[in-house]
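Visitor: I am attaching a structure below and will ask some questions about it afterwards.
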Amino acid sequence: MKKFTSVSDVENLQEIIKKALQIKENPLSETEKGKGKTIGLVFLNSSLRTRLSSQIAAQNLGLNVLTLNAAQEAWNLEFADGAVMNGDTVEHIKDAIEVLNQYCDIIAVRCFAGMKSKEDDVNESILSQFEQHAKVPVVSLESATRHPLQSLADCITITENWKKEHKPKVVLTWAPHIKPIAQAVGNSFAEWMQEMDVEFVITNPEGYDLDPAFTKDTKVIHNQDEALKDADFIYVKNWSSFDDYAAMPEVKENWMLTNEKLENTNQAKVMHCLPVRRNVELSDEVMDGENSIIYQQAKNRIFSAQAVFSEILNNIK
Amino acid sequence: MKKFTSVSDVENLQEIIKKALQIKENPLSETEKGKGKTIGLVFLNSSLRTRLSSQIAAQNLGLNVLTLNAAQEAWNLEFADGAVMNGDTVEHIKDAIEVLNQYCDIIAVRCFAGMKSKEDDVNESILSQFEQHAKVPVVSLESATRHPLQSLADCITITENWKKEHKPKVVLTWAPHIKPIAQAVGNSFAEWMQEMDVEFVITNPEGYDLDPAFTKDTKVIHNQDEALKDADFIYVKNWSSFDDYAAMPEVKENWMLTNEKLENTNQAKVMHCLPVRRNVELSDEVMDGENSIIYQQAKNRIFSAQAVFSEILNNIK
Amino acid sequence: MKKFTSVSDVENLQEIIKKALQIKENPLSETEKGKGKTIGLVFLNSSLRTRLSSQIAAQNLGLNVLTLNAAQEAWNLEFADGAVMNGDTVEHIKDAIEVLNQYCDIIAVRCFAGMKSKEDDVNESILSQFEQHAKVPVVSLESATRHPLQSLADCITITENWKKEHKPKVVLTWAPHIKPIAQAVGNSFAEWMQEMDVEFVITNPEGYDLDPAFTKDTKVIHNQDEALKDADFIYVKNWSSFDDYAAMPEVKENWMLTNEKLENTNQAKVMHCLPVRRNVELSDEVMDGENSIIYQQAKNRIFSAQAVFSEILNNIK
């Protein structure tokens, strides 16, 4: 693996899920693999799970870890090519990346969507600079349009929780929120589910369809009850409008996932990437109930990251 | 030891002091003990000594260390059970704790008193959530009502500085401050001194008596001169009113510890947990004088933490 | 080496450059040297290169690393001797240093010029407290008037890039900026160049002469074109007025380094300590052009720091 920013960087999805599950059995099986090598974890945004799970994964592989909270600890970054830097920005992102090239064997970066310019976000205005200027492998810790380490952890979690022979029905359902949230987790989950051996359905209110570049031919149903029927897995996540970018069109029905809605399903397991707004996106009873595999998902973030870092280390001398 | 949030978690105080002093002699005697295990150090508040000494202690034991400045690096936390999270809070503390359960073998947390609601603080509204939801051992890095790693370091320091046969007289004296400070260090020192073989006295102005749940039958004297007479150790610390919670009733006398006040004592050693407001809580001459063992106390924070982490590791498979 | 805050702490400059270049060849040649020892990296200001390169250098030597973002993570510091601390400051710098003495084998600190009081900055009001109160070796990660780890990296870079027998002509040129910047990098580069076997010239507009305590008998030319003629190395850096402290007297000519200005030189290599304001201090074409050795300079920060830490470890039992 030469980089990891989307599912297309994975050669064989079943193989990497298998590898991650082996790592879960024995996390310290490759403690010498990263010796003398350095991973830079660059955070342009907040992080709890990604921050900690990436550190654990890297430490399990013997990597040196450099964590940089870029905004607070370093310099205000300029992102525009050709900018005359006579304003508030102190360092150009491409210079910061070139320096990281000198210091790191792997650069991992979190750079959320700005939610202001659709064009900037769709074009991954920040991650694309890392992909362009990095001379070492780049790992996305969530970018404007994707969250691939989360999606791999999701695939691992579904695999662990499905032992039947037929395909499970996996439903990605939109959930309410109070402010405009990026589509990254939804997009990414859609992309990865298309590669999994599952029956995949998306449900969201009118006006909230995800970018068709990610949903492709996935069935999108605007009636949540209909979509959840017989579901084996329900992935709960909010996102704002893609068409009317970052808008929040009015939704009359209550899309919060509740135990009542679960009755209609095939005792569906409930998933969420966290952090979650309790009693807004889903109810306390669901979050704390037996159907939730949300913390297991969080744990699998370690093995998702470790499998990816390990694969990348295979390609570093 | 299964957790460490107060003196009642210590089975044998003299034993753990002895262990800490052995660690001080040879801090690298157990470098393999924590191998492959992870401690999460979660800071909801500022920290210098606790932050650094805990990291050193953990590294000396071979533990992986994850440090999380929760407020700046992760998500705005919700603390209310059953909250409809449609406001500023992004992640519920119990979800953050459940995730830490997945990632850490020990969770250490600093969560100061809010100083707004007496009930919340007395009930340890934050630490209690860790005690309730953590599935791994919890270590307090100072909570609303206690600072046990500090108190253990204080016991170590008194032990190192007292070679006589009779009991030393230890006086905890209130000191002036400019804003309302929590009672945690005072409470905790009282609790621990009651377990030590010392003559223990508290002195503070009228209106500043600590919570009797902590002081119990300790003698409280409202005249500082009288209390300091013949003292062998003086512990200087400010706290705000407990009765009229977080208030600062007027104090007419000058309670700042000075060299003049030391004359009345048995060449008392002066202690303080730091940070200290010089020339407010105590004078420069005391801080920089020969009677101060304050930096030694700070150093013993390492061995206090290391003894506790080591004891806890004994109970982790 | 007992401390490292200026070039005068280096016994033999050629020897330490040679050592740094050996480390660059084999960065992991001394991984046991720092075992069981701790370096504290204390940041009172922003940092990217210094932060990461110091961590890598320390890890390469097997040192434990404690990184402290003092302002955000610890307590608001008081710097005035004898202060009655009844205001916003919570901990006196000398107490923080005494605690670091207890916890660290080496204390490294970044403390920029305040740019308000010439006297405070010239007297190194913060670094001097570390030099006075530290009981372990102090390393400057840039102080009010000097940036010696940068200067050593600069010497390493010049050495790597000059294979001819005659002395290279090295020109330190002032560059435009939008706000008052400290003289530290300029001062420091001047000091170190005076120890190197080079022909050294400084060029800056009238009113921008550096402190003569640093420039000594170095030729200062106020005409940039004249100074750059036949240059082999050009070091680009802004600084504000020293005489009229922190002022920015009007400059009519355009001092931004461009390709056109390079034509006049001996195919000069271009250097900058970073971060750089593109198209203000120097043009994109220079930054991204073949003459730039700026990223190489950044990389050499690792070996500069590692050589210094290694030399200091020779003096620690």
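Visitor: Could you tell me whether segment B:42-56 includes any residue that is farther than 30 Å from C:Thr89 by Cα, in the same structural domain as B:Gln102 (by the TED database) and either β-branched (Val, Ile, Thr) or crowded, with 16+ Cβ neighbours inside 10 Å (or both)?
Guide: Within segment B:42-56 (the criterion being farther than 30 Å from C:Thr89 by Cα, in the same structural domain as B:Gln102 (by the TED database) and either β-branched (Val, Ile, Thr) or crowded, with 16+ Cβ neighbours inside 10 Å (or both)), the answer is no, since none of the residues qualifies.
Visitor: Still on this structure, I have one more. Being within 26 Å of C:Leu66 (Cα to Cα), assigned to a helix (DSSP H, G or I) and facing chain A (nearest Cβ under 7 Å) is the filter here; which residues of segment B:59-104 pass it?
Guide: B:Gln72, B:Glu73, B:Ala96, B:Val99, B:Gln102, B:Tyr103
Visitor: Okay, moving on. If you go through segment C:4-23 one residue at a time, do you hit one that is crowded, with 17+ Cβ neighbours inside 10 Å, at the interface with chain A (Cβ under 10 Å from one of its Cβ atoms), in a helix (DSSP H, G or I) and under 15 Å from the mean Cα position of the chain (by Cα)?
Guide: Looking through segment C:4-23, none of the residues is crowded, with 17+ Cβ neighbours inside 10 Å, at the interface with chain A (Cβ under 10 Å from one of its Cβ atoms), in a helix (DSSP H, G or I) and under 15 Å from the mean Cα position of the chain (by Cα).
Visitor: Now for a different question. Does A:Asp95 fit the bill of being buried (at least 19 other Cβ atoms within 10 Å of the Cβ) and either out of contact with any strand residue (DSSP E or B) (no Cβ under 9 Å at 6 or more places or on another chain) or in contact (Cβ under 8 Å) with a residue 24 or more places away in the chain (or both)?
Guide: no
Visitor: Among the helices (runs of 4 or more DSSP H) lying completely within segment C:214-317, list those that include at least 2 residues that are touching a helix residue (DSSP H, G or I) at 6+ places or on another chain (Cβ under 9 Å) and of a type in the set (Gly, Ala, Ser).
Guide: Working: elements: C:224-228, C:259-262, C:284-287, C:294-313.
Hits in segment C:214-317: C:294-313.
Visitor: Please enumerate the residues belonging to segment B:181-195 that are surrounded by 22 or more Cβ atoms within 10 Å (Cβ to Cβ) and in a loop (DSSP other than H, G, I, E, B). Walk me through it before giving the result.
Guide: If we filter segment B:181-195 for residues that are surrounded by 22 or more Cβ atoms within 10 Å (Cβ to Cβ), which is where we start, we get B:182-190, B:192-193.
Matches in segment B:181-195: B:Ala182, B:Gln183.
Visitor: Oh, and also: A:Gly62 passes all but one of (1) crowded, with 18+ Cβ neighbours inside 10 Å; (2) modelled with pLDDT of 95 or more; which number fails?
Guide: Against the list (1) crowded, with 18+ Cβ neighbours inside 10 Å; (2) modelled with pLDDT of 95 or more, A:Gly62 comes up short only on (1).
Visitor: Sticking with this structure for a sec: Run A:Ala153 past the list (1) buried (at least 24 other Cβ atoms within 10 Å of the Cβ); (2) out of contact with any Phe, Trp or Tyr (no Cβ under 7 Å at 6 or more places or on another chain); (3) assigned to a strand (DSSP E or B) and report the number of the one that doesn't hold.
Guide: (3)
Visitor: C:Ala80 - would you say it is of a type in the set (A, V, I, L, M, F, W, C) and crowded, with 16+ Cβ neighbours inside 10 Å?
Guide: No, not satisfied.
Visitor: If you take the residues in segment A:105-120 that are outside any loop (DSSP other than H, G, I, E, B) and without any contact (Cβ under 8 Å) to a residue 40 or more places away in the chain, which one is nearest to the other protein chains (Cβ to nearest Cβ)?
Guide: Going through segment A:105-120, the residues outside any loop (DSSP other than H, G, I, E, B) turn out to be A:106-110, A:118-120.
Add one more test, that the residue is without any contact (Cβ under 8 Å) to a residue 40 or more places away in the chain, and what stays is A:119-120.
On the way: A:Glu119: 23, A:Asp120: 20 Å.
Checked segment A:105-120; the qualifying residue nearest to the other protein chains (Cβ to nearest Cβ) is A:Asp120.
Visitor: Based on this model, can you work out whether A:Asn60 counts as in contact (Cβ under 8 Å) with a residue 24 or more places away in the chain and over 23 Å from the mean Cα position of the chain (by Cα)?
Guide: So A:Asn60 fails the test.
Visitor: Something else: In segment A:261-299, which residues are facing another protein chain (nearest Cβ under 9 Å), polar (S, T, N, Q) and under 18 Å from B:Leu100 (Cα atoms)?
Guide: First, pick out the residues of segment A:261-299 that are facing another protein chain (nearest Cβ under 9 Å): A:274-281, A:284, A:287-288, A:294-296, A:298-299.
If we keep only those that are polar (S, T, N, Q) as well, we get A:279, A:296.
Selection gives A:Gln296 alone.
Conditions tested, residue by residue: (1) touching a Leu at 6+ places or on another chain (Cβ under 8 Å); (2) touching a residue at least 24 places away in the same chain (Cβ under 8 Å); (3) under 30 Å from A:Asn76 (Cβ atoms); (4) buried (at least 17 other Cβ atoms within 10 Å of the Cβ).
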residue: C:Val236; (1), (2), (3), (4): yes, yes, yes, yes
residue: C:Ala246; (1), (2), (3), (4): no, yes, yes, yes
residue: C:Asn266; (1), (2), (3), (4): no, yes, no, no
residue: C:His272; (1), (2), (3), (4): yes, yes, yes, yes
residue: C:Pro275; (1), (2), (3), (4): yes, yes, yes, yes
residue: C:Glu290; (1), (2), (3), (4): no, no, yes, no
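Visitor: Still on this model: Identify the residue in segment A:24-56 that is basic (Lys, Arg) and in a loop (DSSP other than H, G, I, E, B) and, among all such residues, is farthest from C:Leu63 (Cα to Cα).
Guide: Per the stated criteria, the residue is A:Lys33.
Visitor: So which of A:Ile158, A:Ile178 ends up being assigned by the TED database to the domain that holds A:Lys252 and either assigned to a helix (DSSP H, G or I) or surrounded by 22 or more Cβ atoms within 10 Å (Cβ to Cβ) (or both)? Break it down stepwise before answering.
Guide: On the way: A:Ile178 fails: either assigned to a helix (DSSP H, G or I) or surrounded by 22 or more Cβ atoms within 10 Å (Cβ to Cβ) (or both).
Answer to the selection: A:Ile158.
Visitor: Now for a different question. Go through C:Val201, C:Val220 for me and flag whichever is buried (at least 19 other Cβ atoms within 10 Å of the Cβ) and within 17 Å of C:Ala190 (Cβ to Cβ).
Guide: Only one candidate passes the filter, namely C:Val201.
Visitor: Tell me which of these C:Lys164 doesn't satisfy, since it passes every other one: (1) surrounded by fewer than 18 Cβ atoms within 10 Å (Cβ to Cβ); (2) out of contact with any Ser or Thr (no Cβ under 8 Å at 6 or more places or on another chain); (3) not assigned by the TED database to the domain that holds C:Lys229.
Guide: The number of the failed condition is (3).
The values are calculated or read from the model by the stated rules, or taken from the named source; none is laboratory data. Bear in mind that the values here come from a model prediction, so they are computed numbers and not experimental data. Backbone-built Cβ (ideal geometry, glycine too); neighbour counts: all protein chains shown.
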